[in-house]
Amino acid sequence: MHGRAFALLILLCTAVPSAAQTVRCELDVHGLSYGLTGSCISDRADAPAQAQSRIERSRYWPAGTVSVFLVGGPASLSPWGGYFYQGTWNDPFQVDWEPLPTNRRRLVLRTSGAALVVQDWREGTGDKVSLVFRLNYAPATTNDVAILESALKRISSLQGWDRNADQDCRNDDQERTSLFCVLWAAVESQMGRYHHAQPAMDLVRSVIAERWRDRLSGHMLMDFNNHPSTTAADMRTALEAALAMARSETALGK
């Protein structure tokens with residue numbers, strides 16, 4: 001799923017509170033030289049009535065059993081690519097280590113619309129492999145704080161602002177760019193590559209969806225950037241609010 005329909009799905013999934021959920025997958029390596037196959041089941045629970053924080057909300061997951069394919073097991077080199085599927089629903093993903101300060105790291109499953117924390121990824125007995133992850137959005141880390149600090153610094157120093165932005169950031173120059181491309185560059189610089197569902201990106205989208213929903217029709221960051229009512233002060237406010245949330249989530253995770 002791409003473009004405006006995909007962006008709207010992110011908006012809807014982010015806005016709907018949901019109880020903590022864990023997905024447990026069991027994969028079989030027996031007889032497969034090219035990958036692993038198996039099935040996943042969620043311990044889905046009903047959402048509580050009260051509103052929740054971003055990291056208490058959950059990524060969309062279909063009811064019932066979901067099939068899964070992975071290109072390799074825990075003993076192979078990361079990252080591990082794969083996809084979930086059920087009927088007409090298909091969600092590609094990648095599992096990889098995210099370095100954290102003081103020689104720590106966490107294992108993250110990145111889908112097209114969310115970054116999720118992996119709780120278990122190991123080989124068991126009888127040619128079985130276990131993959132367990134939370135559907136709740138992964139909390140921000142110091143990586144996301146650094147991304148948002150970098151983006152805020154870049155936005156504040158821009159000489160020109162592209163009010164007709166698209167998603168092609170390779171053609172931007174150093175003095176004229178857009179909100180999306182400023183974040184794109186900050187994520188790539190901090191993480192080594194761009195991740196659409198990086199928590200820093202999700203935080204900015206959450207702020208924009210909450211405060212300026214009337215300016216959105218599809219792609220949040222581009223719609224907000226290109227809207228005639230959006231000011232440079234609005235963009236700084238969005239980044240500052242997202243940065244405050246990232247610092248709060250990071251502190252909670254320590």
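The values are calculated or read from the model by the stated rules, or taken from the named source; none is laboratory data. Computed from a predicted structure; not experimentally measured. All Cβ positions, even for glycine, are placed from backbone atoms using ideal geometry, and neighbour counts span all protein chains on display.
Across the stretch 111-121, the qualifying residues are those that are touching a Pro at 6+ places or on another chain (Cβ under 9 Å) and at pLDDT 95 or above, and the one among them that is nearest to Pro92 (Cα to Cα) is Ala115.
Of all positions in the stretch 193-206, none carries a residue that is in a loop (DSSP other than H, G, I, E, B), among the polar types (S, T, N, Q) and over 21 Å from Glu249 (Cβ atoms).
Condition check: of a type in the set (Phe, Trp, Tyr) and either farther than 20 Å from Gln21 by Cα or touching a Gly at 6+ places or on another chain (Cβ under 6 Å) (or both). Does Trp161 satisfy that? Yes; evaluated as a whole, the condition is true for this residue. So is His196 touching a residue at least 60 places away in the same chain (Cβ under 8 Å), farther than 18 Å from Asp162 by Cα and in the same structural domain as Ala146 (by TED's automatic domain parsing) or not? So His196 fits the description; yes. Tell me whether the stretch 18-29 contains one or more residues that are at pLDDT 90 or above, closer than 17 Å to Leu116 by Cβ and in a loop (DSSP other than H, G, I, E, B). No: zero hits. State whether the residues of the stretch 214-231 include one that is surrounded by fewer than 23 Cβ atoms within 10 Å (Cβ to Cβ), among the basic types (Lys, Arg) and over 14 Å from Val145 (Cβ atoms). Looking for residues that are surrounded by fewer than 23 Cβ atoms within 10 Å (Cβ to Cβ), among the basic types (Lys, Arg) and over 14 Å from Val145 (Cβ atoms), one finds at least one in the stretch 214-231, hence yes.
Can you find, within the stretch 30-47, the residue that is modelled with the highest pLDDT among those that are of a type in the set (A, V, I, L, M) and out of contact with any Ser or Thr (no Cβ under 9 Å at 6 or more places or on another chain)? Can you show your working first?
Step one: list which residues in the stretch 30-47 are of a type in the set (A, V, I, L, M), which gives 32, 36, 41, 45, 47.
Remaining after also requiring out of contact with any Ser or Thr (no Cβ under 9 Å at 6 or more places or on another chain): 32, 36.
Working: Leu32: 54, Leu36: 92.
Only one residue tops the list, namely Leu36.
Output the residues belonging to the stretch 99-108 that are more than 13 Å from the chain's Cα centre (by Cα) and modelled with pLDDT of 95 or more.
To start, the set of residues in the stretch 99-108 that are more than 13 Å from the chain's Cα centre (by Cα) comprises 99-107.
Scanning the stretch 99-108 gives Arg106, Leu107.
State all residues of the stretch 122-151 that are free of Cβ contacts under 8 Å to residues at least 24 places away in the same chain and in contact with a strand residue (DSSP E or B) (Cβ under 7 Å, 6 or more places away or on another chain); if no residue qualifies, say none. Once the filter is applied, which keeps residues that are free of Cβ contacts under 8 Å to residues at least 24 places away in the same chain and in contact with a strand residue (DSSP E or B) (Cβ under 7 Å, 6 or more places away or on another chain), the stretch 122-151 yields only Gly124. The residues in the stretch 184-217 that are basic (Lys, Arg) and touching a strand residue (DSSP E or B) at 6+ places or on another chain (Cβ under 7 Å) can be counted, and the count is 0.
Restricting attention to the stretch 207-222, the residues that are part of a helix (DSSP H, G or I) and without any contact (Cβ under 8 Å) to a residue 40 or more places away in the chain total 7.
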